[in-house]
Every structure is written in C-alpha cells, then in structure tokens.
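Down below is the structure, laid out as structure tokens.
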Amino acid sequence: MTRIGVLGAGGRMGRAIVAAITADPSLTLAGAVERAGHPCIGERLGHGLTICTNASALAVASDVLIDFTTPAALAANLDAACSGHAAIVIGTTGLERAHIAAIDRAAGDIAVLPTVNTSIGIAVLAGLVAAAAAQLADWDIEILDLHHRDKRDAPSGTTLLLGEAAARGRGTTLSAVRAGARTAAARTVGSIGFAALRGGSAAGDHMVLFAGDGERIELHHRAESRDIFAAGAVRAAAWLVRKKPGRYAMRDVIG
C-alpha cells in the first residue's frame, strides 16, 4: 500500500488529509508532522502514531509526502523529502521566487507536484479554459473569484492559475496579457482581466467569462466543502508515487 506522510497535520487541511488517507483502504498513513511548539504535538492518530516534529524521519517512512505548511517551512520539507527519497505534493500557497527555485532543484532528485489548488474540478476547469481560450482567440476574458471574508490575497492563487491556463491556450504568458487596474479607458484586445469578491464563509467560487460580440460563455466552479481539496491532494499523492524525478501538475494527475 502507498505510504503517505502529512506535513502540517495540525491545520484544517492537514486534519482533513489525515482523515482522507485513513478512510482509503488502499493507503497507509505513515505519520504526521507539525512545527515545534504546536499544541497538537503528541496527539494520537491511532495505529501507534502521534503527531511529531521530525519531517526527515517521516520522509524515510513514506513513499510520498503532502505538505500544507508555510512558505518558511518549505525548504526544510524539500530537504527532508530529498533525503528520504519521498515524492512530495505541495499545497502551500504564498510562494515566492526563491521557493519556486527550491522546488525546481528538488525536482532534479524526486517527483514534486506543487499546486495552489488540489481540487480535481479546478484541474479540469483549467483544461477547459485553455481549450476555450485557444478556440476563442478574439474574445475578451474576465476571471472572477469569491472567497471568505478572511482571505488576504486577491486575486486568489487559483484565479491566477486559471489566468495562466487561458494565456497558455493562446500561446502566451499571463504577465504579457494581464489587464492592469480598472480605469475609464477601454480594455486592451487580448488582455485577461480579474475581479475578486470577499465575504461570508465562501470556500471558493471561480468563474471564467469569455465575452464575444453578441454571446458569452461562462465556466464556473463552486467549492461546497474544503474536503474536496483534501481528496484531491490524496489522489495526487497516490498518483505521484514512483514517478520519475521531475516537476508535475494537477493536470498531469487527471491525464
């Protein structure tokens, strides 16, 4: 059976991932880790496991790790994965250039799958967006997201992921076609615009609007539960096991 270790097990996502692993008879929870000083250290998980702080030991005991921690912990988690020859799925957000460079280096030794969203539905949506953008080259694109009131980044990482998919479909990069701040001026042909809404407890709604002359296409994804992200992360981890060293994406998981 596939042995999966969980980094960041004390958070909401970490706990959901632990539950998803233990509910699947084809998977084994290898262990779980949290930062030193976290109140959940020592918490029993069953089967003789407790939440600990030793990521290196967990990597040795695992076929694959799932990391939902913080950007500050990423370098050490990648080192642990490489030392233990464990693949790793990274769902940590807020990564900067130095973190991306560290991921690229680790991908020379192990299989790495970094993503801002582990939802299978979002992975499918990104593929649909890329295909539609390629076919509708002269249509305007607007991408909107709605998240809970406490979400700090706007637009969200998932919204930017969808923008990158649209740009990829048109054979360019998002940085080359991203629309600037809204002004009274008309929009630039071929640009990709963004809008962000924040309020309530919304887990995450995304809409990609393709607007042509006299017609529109709207592609929606609505997250009804955060459990979908845990399920997607576990599916990605099971898929990543025994893959060759390299960098992978959720679109690879769904084929």
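Read-outs: derived from the displayed coordinates by stated rules, not from any lab. Remember, it's a predicted structure, so these values are computed and weren't measured experimentally. Positions of Cβ are backbone-derived with ideal geometry, glycine not excepted, and every protein chain shown enters the neighbour counts.
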For region 99-106, 3J(HN,Hα) per residue [Karplus equation, 6.51 cos²θ - 1.76 cosθ + 1.60, θ = phi - 60°, Hz, x = Gly/Pro]: 5, 4, 5, 5, 5, 4, 5, 5
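Using a Förster distance of 35 Å, how high is the FRET efficiency between Ala36 and Ile254, based on the Cβ-Cβ distance and rounded to 0.05?
Values: r = 37 Å, r/R0 = 1.05.
Result of the calculation: an efficiency of 0.45.
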For Ala32, other-chain or 5+-apart residues with amide H closer than 5 Å (H placed, Pro excluded) are Val6, Cys52
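Once you charge only the Cβ atoms, +1 for Lys and Arg and -1 for Asp and Glu, what is the size of the charge dipole of the chain about its Cα centre, to the nearest 20 debye? Don't skip to the end; give the middle numbers.
Numbers: 25 positive and 23 negative charges, 61 e Å.
My answer is approximately 300 debye.
Restricting to DSSP loop positions (anything but H, G, I, E, B) with no more than 16 other Cβ atoms inside 10 Å of their own Cβ, which trypsin sites (Lys or Arg not before Pro) remain in region 208-255? Before the final figure, lay out each step's value.
Details: sites: Arg216, Arg222, Arg226, Arg235, Arg242, Lys243, Arg247, Arg251; in loops: Arg226, Arg242, Lys243.
Those satisfying the criteria are Arg226, Arg242, Lys243.
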For region 194-211 and region 158-187, what is the separation of their C-alpha centers, rounded to whole Å? 16 Å
If I take R0 = 25 Å and measure r between the Cβ atoms of Asp205 and Ala23 in this structure, what FRET efficiency does the formula 1/(1 + (r/R0)^6) give, to the nearest 0.05? 0.40
Simple label model, 7 Å out from Cα along Cβ direction - Ala176 to Thr93, nm: 2.8 nm
Which percent, to the nearest 5, of DSSP beta bridges fully inside region 64-214 are antiparallel? 30 percent
So the pair-distance distribution of region 120-222, from every Cα-Cα distance in 5 Å bins, comes to percents of 3, 13, 25, 24, 20, 11, 4, 1
For region 120-222, what is the charge dipole size about the Cα centre, in debye to the nearest 20, if Lys and Arg each add +1 at the Cβ and Asp and Glu each add -1 at the Cβ? 320 debye
Helix 12-22 axis, angle to the chain major axis (alpha carbon atoms, nearest 10°): 60 degrees
What residues of region 1-23 lie in the reach of a label at Lys243, counting those whose backbone N is under 17 Å from a point 7 Å from the Cα along Cα→Cβ? 2-5
Placing one equal point scatterer on each C-alpha of the chain and summing with Debye, one gets log10 I(q)/I(0) at q = 0.11, 0.14, 0.15, 0.17 Å⁻¹ equal to -0.62, -0.94, -1.05, -1.26
